[in-house]
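The values are calculated or read from the model by the stated rules, or taken from the named source; none is laboratory data. Everything quoted here is computed from the prediction, not taken from an experiment. Methodologically, a virtual Cβ is constructed for each residue, glycine included, from the backbone with ideal geometry; neighbour enumeration extends over all protein chains shown.
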Amino acid sequence: AKALGRGNYQFYSEEMNARTLDRLTLESGLRHAVERGELQLKYQPQIELASGHIVGAEALLRWYPAGQDLVMPDAFITIAEETGLIVPIGEWVLRTACAQQVAWRRAGLPALRMAVNLSARQFRQPGLDAMVARVLADTGCHADALELEITESVLMDRADAAAVTLQRLSDMGVQLAIDDFGTGYSSLSYLKRFPINALKIDRSFVSDISSDADDGAIAGAVIALAHSMGLTVVAEGVETRQQHDFLRQLNCDLAQGFYFSQPLPAAALEHILIDGEAK
Ligand code: C2E
Ligand code: CA
Ligand code: CA
Ligand code: CA
C-alpha cells in the first residue's frame, strides 16, 4: 500500500510538472503568436431561419503554432485572459474580422453581420470603446455590421460599469449580443437594464430541444419573451434537421451550428456565398 501511495504521489507530481510546463510553453508561445502570424480566424455562418439565407458569421479564433498541432481556443483563451495577452490578441481578432467583413462587402457579396467574441478582461479594459471606434474607422467597417458577443457573467459582475461600457458601444451603433444565454444566472427582465440587441441561446438548451418537452418549452418561452423585448434570438449548436425545424416553428430568428456548417476559412465561406445558400 505504501509503495502504491508513493507511486501515486510521483505520478501526481509528474503530471503537475507536465501541466506547469505545458502552461509555460503555451504562454511563451502565445506571447509571439500575433507577430508570427500564427493566429487565424474561422467563420461560422449564421442562417436566417425564415429565409434560409446566410446573414451573418461568427469569427472564431484558431492558433497554429509553428511545427505543432492546431490549438483550439478553449485550450488558450483562459491563459490569454490571465496573462492579459487577450487584449492585443482580441484587438487583432476584431481588426481581422472587420477587415474581412469589408472585403466581402466590397466584393459585392451579400452583406454579412460579423459577430466577434469579447472576453471579460477585454470588456473591462479601459478604452475599449475607443479601440473599437479606431478599428471600425481603420477598416471601413460600418458599426451596425459588427456584433460584439459577451457572456451573462460579464454583465452580472460590476453591472453598473458594464452598463456604461455597453451604452457607449451601443451609441456608436455597434450591435450587442449575450452569448451562451441560459448558462448564467441572469433573467430576461434583468437584461432590460442593458442596450442589448440579441440573445444567443446556448447549445446545451438546443441539443434536446426536439426530444425533451421541458427544453422545448424553455426555448419557446425565451424566444417569445425576447421578441417581446425587441431582441433577436440566435440558436447556437444546431446539429440536426429536427432541431432546425423545431426552432423555425418557434420563430427563432437565426441559427448557427454543424447542421449548416462548421466554422470555415474565409475563402470557403466566400465560395458558399457565391454559390448560393447553405440550406
Ligand atoms: P462560443 O463563443 O460559444 O463559440 C461557439 C463554439 O461552438 C465554437 O467553438 C464553435 O466551433 C462551436 N460550435 C459551433 N457549432 C456547433 C455545433 O453544432 N455543435 C457543437 N458541438 N459545437 C459547435 P470554438 O471555436 O472551439 O470556440 C470555443 C470558445 O472559445 C467560444 O465559445 C468562445 O467562448 C471562445 N472563443 C473563440 N474565439 C474567440 C475569440 O476570438 N475571442 C474570445 N475572447 N473568445 C473566443
Ligand atoms: Ca460566441
Ligand atoms: Ca456561445
Ligand atoms: Ca461558449
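Here's the yes/no breakdown for (1) within 17 Å of the chain's Cα centre (by Cα); (2) assigned to a loop (DSSP other than H, G, I, E, B); (3) of a type outside the set (D, E, K, R):
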| site | (1), (2), (3) |
| --- | --- |
| 62 | yes, no, no |
| 67 | no, yes, yes |
| 97 | yes, no, yes |
| 101 | yes, no, yes |
| 108 | no, yes, yes |
| 131 | no, no, yes |
| 135 | no, no, yes |
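Residue pairs, Cβ under 6 Å, 6 or more apart or interchain, first in the stretch 137-155 and in contact (Cβ under 8 Å) with a residue 24 or more places away in the chain and of a type outside the set (Gly, Ala, Ser), second within 12 Å of ligand 1 (Cβ to nearest atom) and assigned to a helix (DSSP H, G or I). List them.
150/123; 154/120; 154/123
Could you go through the stretch 163-179 and let me know if any residue there is buried (at least 21 other Cβ atoms within 10 Å of the Cβ), hydrophobic (A, V, I, L, M, F, W, C) and farther than 19 Å from residue 232 by Cα.
Checked against the condition, which is being buried (at least 21 other Cβ atoms within 10 Å of the Cβ), hydrophobic (A, V, I, L, M, F, W, C) and farther than 19 Å from residue 232 by Cα, the stretch 163-179 yields no hits at all.
Among the listed residues 119, 51, identify the single one that is within 16 Å of ligand 2 (Cβ to nearest atom), out of contact with any Leu (no Cβ under 9 Å at 6 or more places or on another chain) and polar (S, T, N, Q).
On the way: 51 fails: within 16 Å of ligand 2 (Cβ to nearest atom).
Unique residue meeting the criteria: 119.
Pairs only if they're at least six apart or on different chains, beta carbon under 8 angstrom, first in the stretch 261-279 and assigned to a loop (DSSP other than H, G, I, E, B), second modelled with pLDDT of 95 or more and of a type in the set (S, T, N, Q); list them, first residue then second.
Qualifying pairs under 8 Å: 261/44; 262/44; 263/44; 265/40; 278/261.
I'd like to know if the stretch 142-156 contains one or more residues that are of a type in the set (Asp, Glu), within 20 Å of the chain's Cα centre (by Cα) and away from ligand 4 (no atom under 16 Å from the Cβ).
Here is the first cut: in the stretch 142-156, the ones of a type in the set (Asp, Glu) are 144, 147, 149, 152.
Keeping just the survivors that are within 20 Å of the chain's Cα centre (by Cα) gives 144, 147, 149, 152.
Restricting the remaining residues to those that are away from ligand 4 (no atom under 16 Å from the Cβ) gives 144.
Yes, some residue in the stretch 142-156 is of a type in the set (Asp, Glu), within 20 Å of the chain's Cα centre (by Cα) and away from ligand 4 (no atom under 16 Å from the Cβ).
Taking the condition away from ligand 1 (no atom under 16 Å from the Cβ), touching a strand residue (DSSP E or B) at 6+ places or on another chain (Cβ under 8 Å) and of a type outside the set (Phe, Trp, Tyr), does residue 217 pass?
Spelling it out, it is not the case that residue 217 is away from ligand 1 (no atom under 16 Å from the Cβ), touching a strand residue (DSSP E or B) at 6+ places or on another chain (Cβ under 8 Å) and of a type outside the set (Phe, Trp, Tyr).
Which is in a loop (DSSP other than H, G, I, E, B), within 15 Å of ligand 3 (Cβ to nearest atom) and at pLDDT below 95, of 186, 210, 204?
The unique qualifying residue is 186.
Residue under question is residue 205, and the condition is that it be within 16 Å of ligand 2 (Cβ to nearest atom), exposed (fewer than 15 other Cβ atoms within 10 Å of the Cβ) and under 17 Å from the mean Cα position of the chain (by Cα); does it hold?
No, not satisfied.
Take the stretch 110-120 and flag every residue that is away from ligand 4 (no atom under 16 Å from the Cβ) and not in a loop (DSSP other than H, G, I, E, B).
Going residue by residue through the stretch 110-120, those that are away from ligand 4 (no atom under 16 Å from the Cβ) are 110-114.
Within the stretch 110-120, 113, 114 qualify.
Going by what's in this entry, would residue 91 be described as under 30 Å from residue 246 (Cα atoms), among the acidic types (Asp, Glu) and either surrounded by fewer than 20 Cβ atoms within 10 Å (Cβ to Cβ) or within 16 Å of ligand 4 (Cβ to nearest atom) (or both)?
no
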